[in-house]
Amino acid sequence: MTEFAVDAPLPAPEDLAEMSREEQLQVIRAALGTDSSARRMVESQRAVDAFALRLRDEQDREVPTQFITVHRLPDDAAAAERDDVRPIAPGAPRYVIVACLEETGAR
């Protein structure tokens with residue numbers, strides 16, 4: 001297997017294509033462990049994944065979604081009067097969760 005210097009860029013696609021699948025995986029795994037920018041990217045993705053919201057139904061099954069967002073509601077009197085939007089404590093901010101469900105083949 002070809003050795004690559006620490007923090008050296010990954011081999012060109014044509015160089016990777018000449019390697020066996022096993023060698024390709026070894027090079028990529030080594031790069032993810034030693035290349036500082038690749039390592040930061042992986043660590044950043046793990047941090048984002050740790051905060052990922054997942055919608056679950058009553059049976060605790062994950063509901064497939066395209067995205068989930070959280071919005072803070074304005075602190076106006078009209079919102080405070082709604083029965084479906086109650087703060088936990090007086091003066092506490094109110095939030096609403098908006099989810100776009102993934103489309104399934106069944107309709």
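Couple of notes before you dig in:
- The combined condition, being surrounded by fewer than 12 Cβ atoms within 10 Å (Cβ to Cβ) and at pLDDT below 85, is fulfilled by ALA92.
- Tally, over region 17-31, of residues that are closer than 19 Å to ARG46 by Cβ and over 25 Å from the mean Cα position of the chain (by Cα): 0
- All of (1) modelled with pLDDT of 80 or more; (2) in contact with a Phe, Trp or Tyr (Cβ under 9 Å, 6 or more places away or on another chain) hold for ASP57 with one exception: (2).
- For region 32-65, filtered to residues that are among the hydroxyl-bearing types (Ser, Thr, Tyr) and under 19 Å from the mean Cα position of the chain (by Cα), the residue that is nearest to GLU103 (Cα to Cα) is THR65.
The values are calculated or read from the model by the stated rules, or taken from the named source; none is laboratory data. Owing to the predicted nature of the structure, the values given are computational and were not obtained by experimental measurement. Don't worry about glycine lacking a Cβ; one is built from the backbone with ideal geometry, like all the others, and counts go over all protein chains shown.
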